[in-house]
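The values are calculated or read from the model by the stated rules, or taken from the named source; none is laboratory data. Only a predicted model underlies this, so the values are computations on that prediction, with no experimental measurement involved. Neighbour counts run over all protein chains shown; Cβ positions are idealised from the backbone, glycine included.
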Amino acid sequence: MLAGEGGLAVGRALEREGRAHEAIVARTCVVDEFVAAAAREVDAVYSFGAGLCTRRLRLGIELPWTEVDLPALVAWKNVAAAPLPGADKVRRVGLDLRDASAVSRLLAERVEPRLLVVLEGVLVYLEEREVVALLTALGARVGSTRVVLDLGGGLWASLFARRTRTTVGAHGTPYRTSLRQGRKALAKAGFEVLADRSLVDWDAATPAPRFYRPPSAWIVPGFADVARVLEARAPRRP
Ligand SMILES: C[S@@+](CC[C@H](N)C(=O)[O-])C[C@H]1O[C@@H](n2cnc3c(N)ncnc32)[C@H](O)[C@@H]1O
């Protein structure tokens, strides 16, 4: 499991191999867009599996902001991020997202009627049943809950992610959940999908596309599912 320096080691290994840069840049941009838009309609933001993310600072969002990650990573980041401007405005909580009851207890600690939960780059590391339990805990909280999450899947994703998968797996963090399972989990937890954007299509529409699109991707369908960002909403609970 990623934690503290372990998470950095995976990042450095991917960087050395020149892997995943394009996808991570595109994902960050698209999640930024979704979060900036949703932030106008919520009272607080939780970033689950926040890792080294500095989104609150980058986007200048003044909402109450909580980052959740594994305890070792949170302990490391509390020191590493201390010099950043506004660092004191981010609450950090060390918690294992596989423990859905602990997630429910955390969310019940504060009265925040409209919540946005960002799950960027993290669901892939959980088992499908853990994703269902986590989303069910989010959907069951009192108030209105929106999530922004990313996942990829299908033939092209397995081809493209093969080396990345091997690298992260070698660090004890295998990929466990893909797009199809993620969509199923959202439906099981009662979430309604508001937006579903392909990072491949987003990238293709930029002035300087970064993704390599193999010629056969024009013939064999599914390339757009290599990586997607979804926004979904749970029914408001009284
Ligand atoms: C690939 S990083 C994504 C970081 C950040 N969200 C981003 O997109 O830049 C995955 C993060 O999820 C965290 N993570 C993985 N499994 C977790 C778990 N069971 N509970 C809490 N955090 C977890 C890792 O520690 C890591 O910081």
- Query: What residue, among those in the stretch 101-121 that are among the β-branched types (Val, Ile, Thr) and crowded, with 17+ Cβ neighbours inside 10 Å, is farthest from the ligand (Cβ to nearest atom)?
  - Reply: Val117
- Task: State yes or no: is Leu97 in contact (Cβ under 8 Å) with a residue 40 or more places away in the chain, near the ligand (Cβ under 9 Å from one of its atoms), surrounded by 14 or more Cβ atoms within 10 Å (Cβ to Cβ) and part of a loop (DSSP other than H, G, I, E, B)?
- Result: yes
- Which residues, counting only those in the stretch 203-222, are under 24 Å from the mean Cα position of the chain (by Cα) and more than 23 Å from Ala185 (Cβ to Cβ)? Asp203, Ala204, Ala205, Thr206, Pro209, Arg210, Phe211, Tyr212, Arg213
- Message: Checking the condition out of contact with any helix residue (DSSP H, G or I) (no Cβ under 7 Å at 6 or more places or on another chain) and free of Cβ contacts under 8 Å to residues at least 60 places away in the same chain, which residue from Ala224, Ala208 passes?
- Response: Ala208
- Note on the structure: Flagged in the stretch 161-191 as among the hydroxyl-bearing types (Ser, Thr, Tyr) and touching a Phe, Trp or Tyr at 6+ places or on another chain (Cβ under 6 Å), in numbering order, are Thr173
- Message: With the requirement that a residue be closer than 12 Å to Asp69 by Cα and either of a type in the set (Gly, Ala, Ser) or surrounded by 15 or more Cβ atoms within 10 Å (Cβ to Cβ) (or both), what does the stretch 80-94 give you?
- Response: Arg92, Val93, Gly94
- Query: What number of residues within the stretch 220-238 satisfy the criterion of being touching a strand residue (DSSP E or B) at 6+ places or on another chain (Cβ under 8 Å) and over 26 Å from Arg165 (Cα atoms)?
  - Reply: 6
- Message: One residue is enough: does the stretch 187-198 have a residue meeting the conditions within 14 Å of the ligand (Cβ to nearest atom) and either in contact with a helix residue (DSSP H, G or I) (Cβ under 9 Å, 6 or more places away or on another chain) or more than 25 Å from Ala37 (Cα to Cα) (or both)?
- Response: no
- Item | Test for Val124: is it hydrophobic (A, V, I, L, M, F, W, C), within 12 Å of the ligand (Cβ to nearest atom), surrounded by 22 or more Cβ atoms within 10 Å (Cβ to Cβ) and outside any loop (DSSP other than H, G, I, E, B) | yes
- Check Glu22, Glu15, Glu33, Glu41 and return the single one that is more than 23 Å from Arg228 (Cβ to Cβ), of a type in the set (Asp, Glu) and either away from the ligand (no atom under 12 Å from the Cβ) or at pLDDT below 95 (or both). Glu15
- For Val148, state whether it is among the β-branched types (Val, Ile, Thr) and in contact with an Asp or Glu (Cβ under 6 Å, 6 or more places away or on another chain). yes
- Task: Within the stretch 83-94, work out how many residues are of a type in the set (Gly, Ala, Ser) and within 13 Å of the ligand (Cβ to nearest atom).
- Result: 1
- Could you tell me which residue of the stretch 127-158 is surrounded by the most Cβ atoms within 10 Å (Cβ to Cβ), considering only residues that are of a type in the set (Asp, Glu) and in contact with a helix residue (DSSP H, G or I) (Cβ under 7 Å, 6 or more places away or on another chain)? Asp150
